[in-house]
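Taken together, the values in this text are just the output of simple stated rules run on the coordinates, not laboratory data. Because the structure is a prediction, the values reported are computed rather than measured. Note that we place each Cβ from the backbone using ideal geometry, even for glycine, and neighbour counts take in every protein chain shown.
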Amino acid sequence: MFGVSSMTATLRRVAVHPPSASLLQADPLKWHYGPEFDPAKVTTEHEKFVGILKSVGTEVVTIAQDDRGIADAVFTYDASLVTPAGAVLMAPGKTLRYGEQSVHKEFYDAQGIPVVGEVSGTARAEAGDTLWVDDTCLAVGRGFRTNPAGVTQLTGIMAGQGIEVHAFDMPVYGGSAACLHLMSLISLVDTRKALVVQELLPVAFYELLLAHGYTLIAAPFDEFKSTGTLSTNVLALAPGHCVMLDDIPQTRKALEDAGIRVDVFSGASLCIGCEGGPTCMTRPLLRR
């Protein structure tokens, strides 16, 4: 079963890639990992996160452990995008991750999920730069991980399904080496509620969200900075129910004050250390 065109419909089925030897033996300088990265803790942290997914009834499917030496493969969100018609293979803009889409293709072939498109050639696109505004509207961020050619190809692929793509320029912020996706600036936490970094949100994207009836929950900018942009990386398990990293009290309070149920897990070594939060560690296969 597959089909995704929402960020907040109940997460029924999801793929994950547990930390492998490539991650446990990764060179932090090469992979741009921070001082929080601790190989001795990342597997346990990932298992606790998966436990939360299973506790709410989500079916968790594991992608094969052969990650082609790509340490970041644990962040399964980026190398492909699942749509109502099937999967789209992306082309990661982080050079060390290019080729990861082939791991995802093998997974989809094994699962019987059709591949309906592929970003190719010199185009680059990561799914972390995409966000379902609604069933027929996909926002895409153009930045260091997704280039103009990637946006053009995604626009064509989605048009075949009647899905309109709106592209927005990303801020430089931490620079080309840092991981700043569109989804670093926003997480949808309910059908029409979004946690946003208002200080960095593109104006046209801000206006699009308001035009679609969204209530915007402002994420405290100091926590966004202190967590290396991970405070806003929040995964919706169902409308109004999400999971996030612990020890981010101001952001959690902002969500709870807005009526959102929040589960937390400890993930500093894996998430903050390796620049990828709970959303990044999932590849949603079915939301409904």
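Considering each residue of region 80-118, count those that are out of contact with any helix residue (DSSP H, G or I) (no Cβ under 7 Å at 6 or more places or on another chain), part of a helix (DSSP H, G or I), closer than 19 Å to Q153 by Cα and of a type in the set (D, E, K, R), and give that number.
Number of matching residues: 1.
Could you list, in sequence order, the residues of region 1-47 that are farther than 24 Å from G112 by Cα and either in contact with a Gly (Cβ under 7 Å, 6 or more places away or on another chain) or among the charged types (D, E, K, R) (or both)?
S22, D27, K30, Y33, G34, E36, F37, D38, K41, E45, E47
Any idea how many residues of region 230-281 are closer than 19 Å to T191 by Cβ and in contact with a strand residue (DSSP E or B) (Cβ under 8 Å, 6 or more places away or on another chain)? Spell out the reasoning first.
Step one: of region 230-281, the residues closer than 19 Å to T191 by Cβ are 232, 234-244, 254-263, 279.
Keeping just the survivors that are in contact with a strand residue (DSSP E or B) (Cβ under 8 Å, 6 or more places away or on another chain) gives 232, 234-244, 254-256, 258-263, 279.
So the answer is 22.
Considering (1) closer than 30 Å to T95 by Cβ; (2) in contact with a Pro (Cβ under 9 Å, 6 or more places away or on another chain); (3) charged (D, E, K, R), say which one D66 fails and leave the rest.
(2)
Name the pairs: first residue in region 201-230 and over 16 Å from A254 (Cβ atoms), second residue assigned to a strand (DSSP E or B) and of a type in the set (S, T, Y), Cβ to Cβ under 8 Å, at least 6 apart or on different chains?
No pair meets every condition.
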